[in-house]
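First up is the structure itself, then whatever we jot down about it.
The values are calculated or read from the model by the stated rules, or taken from the named source; none is laboratory data. Predicted model, so just to flag it, every value in this text is computed and none were measured. Here the Cβ is made from the backbone with ideal geometry for all residues, glycine too, and neighbour counts use every protein chain on show. Side chains are part of the model used for accessible areas, which takes the heavy atoms of the whole protein and leaves out ligands, DNA and RNA. Shrake-Rupley method; radii C 1.70, N 1.55, O 1.52, S 1.80 Å.
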Amino acid sequence: MTASVAAFGLLGSLVTACGSSESGGTTLRLVAPEYGNSPATGSKAYWDGLATAFTAAHPGKKIEVTLYPWAEVDREVTRMVQEGNAPDVALLGAYSDFAAQDRLYPASEVLSIRTEANFLPPLVEAGSVDTVLYGLPFVASSRLLFYNKELFEKAGAKPPKTWSELKKAAEALKTAGVSYPYALPLGPEEAHAEALIWELSNGGGYTDVRGEYTLDSDRNTQTFRWIKDNLVEPALTGPVPPAELNREDAFGAFLHGDVGMVNGYPSLLHEATEKGMKVGTLSMPVSDTLSDDETPPAAGVADWMMAFRHEGNRELVGSFLNFVYQDQNLNEFAERYHLLPSTVSATQVSQDAAADPNAKQFLIALRGAQLYPVNEPSWLQVSDTIKRNIGKAVAPSADPKAVLEQIARQAREAKESE
């Protein structure tokens, strides 16, 4: 997911009409996650406004929206599908399991040519199964290295471009008394993001060019061995073991001024700026073993719209999705949660309007970012395995290679059981 997890429960629907398959194609049911972290920042206001505008533009049509917390939305949509009561449209963190079940419309059947052609290329690649676009990217984020400028100045540290420079900066920060010279959140909340960032910075990643999992590749093994030997064992990652440090806690410590460096995304930059912090952003430092012509991509994350097949709903679904992806509607949501829009035109509008030059870096990074292999139906299971186990690779008594090999075995089993 790309935004804060909701701290409050199921929110009410916007309207109470039946699903479109039961109402002659007049009511569309949308299930979406709650992006806000309080009633004041809740998503209901956005969807209320969108539904009102859509109905005004399409008299007689209605939008019914049900919001669930991020921790529940995947499970709830899966339940609806299993019960034969899938929504018309869902917004989730993954889509490929439903595409594999042939439950989704391809983009070509519900989007105009102009809308389909407008998505950013890296998002199209991640949203496609066998070159057919099923996952419609909605909002996204890219990851950059954040550093606290005041702590760096106090420590006499320089912004790093390589792993060795990152280690040197972390050592200076530790000497200056910084609690978390480099915050390494490999806890179960979002360890798969931190792991991918590091793997990419050494020319590795989760899959190869054929889409096969490469979790225990030589480069990935080298990456985690370097992290363990050069950051964790010298106590440069803070008082909490990486396997127990979640992203939310790492971000909280950063905003409190206790972290020198952490990988973050646009909403963290906004929060830090609101607090008056002086924050710098950089591309993730790269391994010293990479050649000069190897430029790793940033890590990217997207959330996906998907259109479920129901008799008689294709026209309404198409009208709704083409409406959602208009620049003003997409940017309104992205700006509300300090995320990045998924289309070329909305990105340009957002970039033109960006007052903070640091924010533009995320837009630039997203254009060439590498995303999770969400087009692999086994990814949900594999990502869960990574979240629960990758932190063990840097534990004091661990052999990184053995840990990665165990994760890789489980990934192969998940893929074989599709």
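If you scan the range 194-204, which residues turn out to be crowded, with 22+ Cβ neighbours inside 10 Å and in contact (Cβ under 8 Å) with a residue 24 or more places away in the chain?
Listed by number, the residues that qualify are GLU194, ALA195, LEU196, TRP198, GLU199, LEU200, SER201, ASN202.
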| query | Looking at the range 287-308, which of the residues that are under 26 Å from the mean Cα position of the chain (by Cα) and open to solvent by 40 Å² or more (accessible area, probe 1.4 Å) is farthest from GLY127 (Cα to Cα)? | reply | GLU294
| message | Looking at the range 11-30, can you tell me whether even one residue there is surrounded by fewer than 18 Cβ atoms within 10 Å (Cβ to Cβ), in contact with a helix residue (DSSP H, G or I) (Cβ under 9 Å, 6 or more places away or on another chain) and at pLDDT 95 or above? | response | no
| Can you tell me which of ASP208, ASP218 is more than 24 Å from the chain's Cα centre (by Cα), among the acidic types (Asp, Glu) and open to solvent by 10 Å² or more (accessible area, probe 1.4 Å)? | ASP218
| Single residue of LEU91, LEU67 found to be open to solvent by less than 10 Å² (accessible area, probe 1.4 Å), of a type in the set (A, V, I, L, M, F, W, C) and in contact with a Lys or Arg (Cβ under 7 Å, 6 or more places away or on another chain) | LEU67
| Can you name the condition, by its number, that VAL382 falls short on among (1) within 30 Å of GLN406 (Cα to Cα); (2) at pLDDT below 90; (3) among the β-branched types (Val, Ile, Thr)? | (2)
| query | Which number in (1) within 25 Å of GLY93 (Cα to Cα); (2) in contact with an Asp or Glu (Cβ under 6 Å, 6 or more places away or on another chain); (3) open to solvent by 10 Å² or more (accessible area, probe 1.4 Å) marks the one condition that GLN381 misses? | reply | (2)
| query | If you take the residues in the range 97-121 that are outside any strand (DSSP E or B) and touching a strand residue (DSSP E or B) at 6+ places or on another chain (Cβ under 6 Å), which one is farthest from VAL279 (Cα to Cα)? | reply | ARG103
| task | Take GLU76 and decide whether it is of a type in the set (D, E, K, R), over 14 Å from SER319 (Cα atoms) and out of contact with any Pro (no Cβ under 9 Å at 6 or more places or on another chain). | result | yes
